[in-house]
Amino acid sequence: MKKLLKLFTIGIFGGISYGCIEMLKRGYSHISMGLLGAIAMIVIHELNGERRAGRMTCIGVLFISMFFITSGELLAGEILNRQMGMKIWNYHNIPFNFDGQICLRYSAVWFILSFFGMISDNFIRRFIFCELTTDHKQSTKII
């Protein structure tokens, strides 16, 4: 039950945080982006758990998170924007885009935001769920 509560908390945090980031940047957001933000934060949480256990590096977490988020954005974009015509976002005018749904620039943004997601996850683990890092040397390993 505690694991489910933790995942729910992490997901809510990710969804609200990403929605707020979009509101600050674009002035609006869409509920589907909050859902994608929630799922992405749960993935970051799980990957960060592997990093904290010493089974993954920080850079590994960031790259896998970036690829997951970009893939989720492509899937959501193809369904919501292209098939359903919702026009939530359009990257056609941004260089190195694919089908107007994903682009290299935003993949780099997802990489950076994943780092802040890891920091937020550590904060939530420590101060909300009272988890301590078991091996400090492993948890701070970057490469």
Criterion violated by R105 - all others in (1) surrounded by 12 or more Cβ atoms within 10 Å (Cβ to Cβ); (2) closer than 20 Å to G19 by Cβ; (3) of a type outside the set (A, V, I, L, M) satisfied:
(2)
Condition check for L62: crowded, with 18+ Cβ neighbours inside 10 Å, farther than 23 Å from F129 by Cβ and touching a helix residue (DSSP H, G or I) at 6+ places or on another chain (Cβ under 7 Å)
no
Scanning region 3-57 residue by residue, those more than 24 Å from L80 (Cβ to Cβ) and charged (D, E, K, R) turn out to be K3, K6, E46, E50, R51, R52, R55
Taking region 1-20, which residues are more than 16 Å from I39 (Cα to Cα), assigned to a helix (DSSP H, G or I) and of a type outside the set (D, E, K, R)?
none
Just name the residue that is surrounded by the most Cβ atoms within 10 Å (Cβ to Cβ) out of those in region 24-57 that are β-branched (V, I, T) and out of contact with any Ser or Thr (no Cβ under 8 Å at 6 or more places or on another chain).
I42
Which condition number does N90 fail, the rest of (1) more than 22 Å from A38 (Cβ to Cβ); (2) out of contact with any Gly (no Cβ under 6 Å at 6 or more places or on another chain); (3) not small (G, A, S) being met?
(2)
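Values quoted throughout were computed directly from the atomic coordinates according to the rules given, and no laboratory measurement underlies them. From a predicted model like this one, the values you see are computed outputs, not experimental measurements. Every residue, glycine as well, gets a Cβ built from its backbone with ideal geometry; the counts of neighbours run over all protein chains shown.
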